[in-house]
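**Q** Take this structure first; my questions come after.
The values are calculated or read from the model by the stated rules, or taken from the named source; none is laboratory data. Since the model is a prediction, treat every value here as computed from it, not as a measurement. Cβ placement follows ideal geometry from the backbone for every residue including glycine, while neighbour counts extend to all protein chains displayed.
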Amino acid sequence: MGTETAVQPFYSFYLFPKNNMLNTHTLRMAFTLLLLASISYLHAQPTPPTPQAPDLTPGELAPLEGQWTGTLTYRDYSTDKQTTIPVRIVANPTSTDKRNWQMQFFYTKEPHANQTEKVRLAKDGTSWDGARVIEKTRTSGGMPESEGKLEFVTEEKGKDNNLPATFRHVWVLKANTLTMEKQVKYDKGGDFFRRNIYQFVRGKE
């Protein structure tokens, strides 16, 4: 019988040459092709959508218009105690698109502190009174005894008690009640704490 010759796969010449040493060039090419295939696969995967920043609309802020009566409770740094005083505000839009507002504050027992503020809603709705909107929750009233509610939070940088800080303004607006809370967090550390809170019901004194 003649000597049988084993049939080698066609790729053995490239991967396993006769000297049994790996063909480095071929392996490098194979690795490159595998890497390119992996990159192509990753690029083909759908990109997760970018979260959309919350925004406000003039229609959502419309219930703010009118007169409100209530109290301001604030932290007095000189005594480190909470102080509550009566206050009344009148809020009215000052432009046809209802993005510009005027808010007049009347402090019954401290008239020297009365002030008028100009507040603007950005064209894209992502900032209110110069502070960025970071959260918004809106619920609609269902049953006759319930009412809709708009709650939103804005954030900005500033100074509190002469220290650099981050401010958060929490607004809760309903048909007949309004709450505006200011929270402070110092850059040097710590958690947010309440600096002051306005609590109103709709109507005159």
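**Q** Any idea which of 132, 120, 99 is surrounded by 12 or more Cβ atoms within 10 Å (Cβ to Cβ), touching a Pro at 6+ places or on another chain (Cβ under 7 Å), farther than 21 Å from residue 76 by Cβ and at pLDDT 95 or above? Walk me through how you get there before you give the answer.
**A** On the way: 132 fails: touching a Pro at 6+ places or on another chain (Cβ under 7 Å); 120 fails: touching a Pro at 6+ places or on another chain (Cβ under 7 Å).
Exactly one of 132, 120, 99 is surrounded by 12 or more Cβ atoms within 10 Å (Cβ to Cβ), touching a Pro at 6+ places or on another chain (Cβ under 7 Å), farther than 21 Å from residue 76 by Cβ and at pLDDT 95 or above, namely 99.
**Q** Say we look at segment 135-166 and pick out the residues that are surrounded by 14 or more Cβ atoms within 10 Å (Cβ to Cβ) and part of a loop (DSSP other than H, G, I, E, B); which of these is modelled with the highest pLDDT?
**A** By that ranking, first place goes to 148.
**Q** Can you confirm whether residue 178 is on the phi < 0 side of the Ramachandran plot, part of a strand (DSSP E or B) and under 16 Å from the mean Cα position of the chain (by Cα)?
**A** Working: on the phi < 0 side of the Ramachandran plot: yes; part of a strand (DSSP E or B): yes; under 16 Å from the mean Cα position of the chain (by Cα): no.
Here the answer is no, as residue 178 does not meet what is asked.
**Q** Could you check, for segment 85-94, whether at least one of its residues is aliphatic (A, V, I, L, M) and in contact with a helix residue (DSSP H, G or I) (Cβ under 6 Å, 6 or more places away or on another chain)? Before the answer, list the steps.
**A** We begin by selecting, within segment 85-94, every residue aliphatic (A, V, I, L, M); these are 85, 87, 89-91.
When the remaining residues are screened for being in contact with a helix residue (DSSP H, G or I) (Cβ under 6 Å, 6 or more places away or on another chain), the result is 91.
Scanning segment 85-94, I find at least one residue that is aliphatic (A, V, I, L, M) and in contact with a helix residue (DSSP H, G or I) (Cβ under 6 Å, 6 or more places away or on another chain), so the answer is yes.
**Q** Just to verify a result, which residue in segment 50-60, among those that are touching a Leu at 6+ places or on another chain (Cβ under 7 Å) and part of a helix (DSSP H, G or I), is surrounded by the fewest Cβ atoms within 10 Å (Cβ to Cβ)?
**A** Taking segment 50-60 first, the residues touching a Leu at 6+ places or on another chain (Cβ under 7 Å) are 56, 58, 60.
Of the ones still in play, those that are also part of a helix (DSSP H, G or I) are 58, 60.
Working: 58: 15, 60: 17.
Among them, the one singled out is 58.
**Q** From the list 156, 147, pick out the single residue that is more than 21 Å from residue 65 (Cα to Cα) and either in contact (Cβ under 8 Å) with a residue 12 or more places away in the chain or basic (Lys, Arg) (or both). Give the derivation first.
**A** Details: 147 fails: more than 21 Å from residue 65 (Cα to Cα).
Going through 156, 147 in turn, the sole match is 156.
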